[in-house]
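Please read the structure below before turning to the comments.
The values are calculated or read from the model by the stated rules, or taken from the named source; none is laboratory data. Everything numeric here is computed off the predicted structure, so don't read it as measured data. Heads up, the Cβs are rebuilt from the backbone with ideal geometry, glycines too, and the neighbour counts pull from every protein chain shown. Quick note on the areas: whole protein, heavy atoms, side chains included, nothing else; ligands and nucleic acids left out. Shrake-Rupley method; radii C 1.70, N 1.55, O 1.52, S 1.80 Å.
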Amino acid sequence: MPVAASAIYFLNLRGDVLINRLYRDDVGGNMVDAFRTHIMQTKELGTCPVRQIGGCSFFYMRISNVYIVIVVSSNANVACAFKFVVEAVTLFKSYFGGAFDEDAIRNNFVLIYELLDEIMDFGYPQNLSPEILKLYITQEGVRSPFSSKPTDKPVLNATLQVTGAVGWRREGLVYKKNEVFLDIVESVNLLMSSKGSVLRCDVTGKVLMKCFLSGMPDLKLGLNDKIGLEKESQLKSRPAKSGKTIELDDVTFHQCVNLTRFNSEKTVSFVPPDGEFELMKYRITEGVNLPFRVFPTIKELGRTRMEVNVKVKSVFGAKMFALGVVIKIPVPKQTAKASFRVTSGRAKYNAAIDCLVWKIRKFPGQTEPTLSAEVELISTMAEKKSWTRPPIQMEFQVPMFTASGLRVRFLKVWEKSGYNTVEWVRYITKAGSYEIRC
């Protein structure tokens, strides 16, 4: 269930109440005394941010030199409570010029009481967006002398946003050129054995958008995900088109997405915020297209020499290329020096991280550059311990490639004035934790 807060207190480091607000009558006004006695005076503030005293729970967080304490008498959502505190502090900072401390609270009692009445009703969180609240709570706070000048633009009509219908976008936006930029950014996490078998692999992705659109447009995004294609074929009473479909896991959406339409039609429909925002996040665990395969061979020749041979094969298309490729090959701590032969890029020994670092600025697809290195080790009198080989690590960025195979099938923009739009779509795959045992 939601927070259902009975009261909220703002305390200084001594435990004095700076300001408080009671939302329900199921707790007494002396609950803050229990917090001081059982938590602050026993010096247990750093152990756990959630404590139960009697029949009440205390959720507290320290921001600067202020403790914010939420008191609940029922079983409440702790994550929601802390999310409310973080959002409330962001709101206060927007009014106070970026400062939130004991002095800022003392200088803005009236404004804080007004905001507390708006952002929580009978203990339930309401709209905490600074952009929206500033439309009808126009009082300015006492700003810090070091804060920057406010740059918020006034909005003429706030009725639609205050009701919560489209609280993330203001009306009256006009652009000479209407454009939409969409980026699908993926991170590949891989653990591969020295023999080339995949031990663990997944892809985490996000869809980033930047919108410069006039009016109140309605956007519809179609992806080649399995559920969306199956639903579309059912609605059109025809078999789904052949081709790769993606099964998305752990999908989360921005608040602008119409979840009712997504549940019924399995299409991502939304009225976008103005500017940049993250539309959705997802994870893929099956059918991952690895951009690189690494084939290492490391031989220890006696106590003072090693041979290292590494071949890296790019699996993506020949017309594509990767940028900023870095391969870090671990070597023992007693390494003295190393000599290299590479077919592409540059390599050197980095003693600070005990690795041979191979860098390739531009890595074309369907190629197999190799590295050969002779490593000299420092001979020691002590008994040689077996070297536990850490995995080889890779860093890279591959434009216009997705490890999941996710693709945008369509991006439609509809607005009542019927203007033309320009849509830009880009794909980027990066290395998350890309490791190969050697």
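At q = 0.15, 0.26 Å⁻¹, what is the log10 ratio I(q)/I(0) for segment 311-380, with the Debye formula run over Cα points and no solvent?
With no solvent term, the Cα-only Debye profile gives -0.52, -1.12.
Rounded to the nearest 5, what % of DSSP beta bridges with both residues in the chain are antiparallel?
Details: 108 of 122 bridges.
Antiparallel: roughly 90 percent of the beta bridges in the chain.
Can you tell me how much longer the chain between N65 and T252 gets when fully stretched, taken as 0.36 nm per residue apart minus their C-alpha distance, in nm with one decimal?
Details: separation 187, 0.36 × 187 = 67.32 nm, distance 3.46 nm.
Additional length available on full extension: 63.9 nm.
Simple spin-label model, 7 Å along Cα-to-Cβ: K195 to E87 in nm?
Computed distance between label sites K195 and E87 equals 5.2 nm.
Mind jotting down a quarter of the surface of the convex hull over the alpha carbons of segment 1-104, in square nanometres, one decimal?
Numbers: hull surface 25.1 nm².
Averaged projected hull area, Cα only: 6.3 nm².
Across segment 355-360, in residue order, what do the Karplus-derived ³J(HN,Hα) couplings come to in whole Hz, using 6.51 cos²θ - 1.76 cosθ + 1.60 with θ = phi - 60° and x for Gly and Pro?
Per residue, the Karplus-derived 3J(HN,Hα) values read 9, 8, 9, 10, 10, 10 Hz.
Find, to one decimal place in angstroms, the Kirkwood hydrodynamic radius of the chain, where the mean of 1/r is taken over every pair of different Cα atoms and then inverted. Intermediate results must be reported in sequence, preceding the final value.
Numbers: mean 1/r = 0.0374 Å⁻¹.
For the chain, inverting the mean 1/r across all distinct Cα pairs yields 26.7 Å.
Using only Cα atoms and rounding to the nearest 10 degrees, what angle (0 to 90) does helix 109-119 make with the longest principal axis of the chain?
It is inclined by approximately 70 degrees.
Taking amide H positions as placed 1.01 Å from N in the peptide plane, with prolines and chain starts having none, which residues 5 or more places from L173, or on another chain, fall under 5 Å of its amide H?
G215
What translational diffusion coefficient, in µm²/s and rounded to a whole number, does the Stokes-Einstein relation yield for segment 285-438 at 20 °C and a viscosity of 1.002 mPa s, taking the hydrodynamic radius as the Kirkwood radius over Cα pairs? Walk me through the numbers on the way to the answer.
Working: Rh = 17.9 Å.
Translational D for this selection: 120 µm²/s.
Return the aspartates and glutamates within reach of K299: Cα separation strictly under 13 angstrom, same-chain partners fewer than 8 residues apart disregarded; answer none if there are no such residues.
E307, E374, E376
Pull up the cross-link candidates among the aspartates and glutamates for K328, meaning alpha carbon to alpha carbon under 15 Å and not fewer than 8 places away within one chain.
Cross-link targets: D354, E395, E435.
Say we join alpha carbon atoms closer than 10 Å with springs in a Gaussian network model of the chain; which of C48, C201, C211 then has the biggest fluctuation?
Comparing C48, C201, C211 in the GNM, the peak value goes to C48.
Hey, if we sort K266, K93 by accessible area with the 1.4 Å probe, largest down, what's the order?
On the way: K266 60, K93 80 Å².
From most accessible down to least: K93, K266.
Suppose every Lys and Arg Cβ carries +1 and every Asp and Glu Cβ carries -1, with no other charges. What dipole size does the chain come out with about its Cα centre, to the nearest 20 debye? Can you show the working numbers first?
Working: 59 positive and 44 negative charges, 497 e Å.
My answer is approximately 2380 debye.
P(r) for segment 368-438, please, calculated from all Cα pair distances in 10 Å bins and given in %.
Reading upward from the zero bin: 12, 24, 21, 16, 11, 8, 5, 2, 0.
Obtain the nm distance between the two label points defined at Q397 and T380 by a simple spin-label model: each point lies 7 Å from its Cα along the Cα-to-C-beta direction.
3.9 nm
Run the simple label-point estimate for F295 and V50 please: 7 Å along Cα→C-beta, distance reported in nm.
Distance between the two pseudo-spin positions: 5.2 nm.
If you put +1 on each Lys and Arg Cβ and -1 on each Asp and Glu Cβ, how big is the dipole of segment 302-420 around its Cα centre, in Debye rounded to 20? List each step's numbers first, then the result.
Details: 21 positive and 8 negative charges, 51 e Å.
So the magnitude is around 240 debye.
Of S73, L323, G345, whose Cα points farthest to the positive end of the dipole of the chain (charges on the beta-carbon: +1 Lys, Arg; -1 Asp, Glu; origin at the Cα centre)?
Result: G345.
Over the chain, with a Gaussian network built from C-alpha contacts below 10 Å, which listed residue (N258, N420, N75) shows the highest mean-square fluctuation?
Of N258, N420, N75, the Gaussian network model singles out N75 as fluctuating most.
With axes computed from alpha carbons, what is the tilt in degrees of helix 226-235 against the longest principal axis of the chain, rounded to the nearest 10 within 0 to 90?
70 degrees
Could you state the angle between the C-alpha long axis of helix 78-96 and the longest principal axis of the C-alpha atoms of the chain, as a value from 0 to 90 degrees rounded to the nearest 10?
Value to nearest ten degrees: 70.
Under 10 Å, Cα contacts only: if you run a Gaussian network model on the chain, which one of F410, F316, F396 comes out with the highest mean-square fluctuation?
So, out of F410, F316, F396, the one fluctuating most is F410.
Just list whichever of K281/K311; K210/K359; K337/K359 have alpha carbons separated by over 27 Å in the model shown.
Numbers: K281/K311 33 Å; K210/K359 32 Å; K337/K359 18 Å.
With Cα atoms farther than 27 Å apart: K281/K311; K210/K359.
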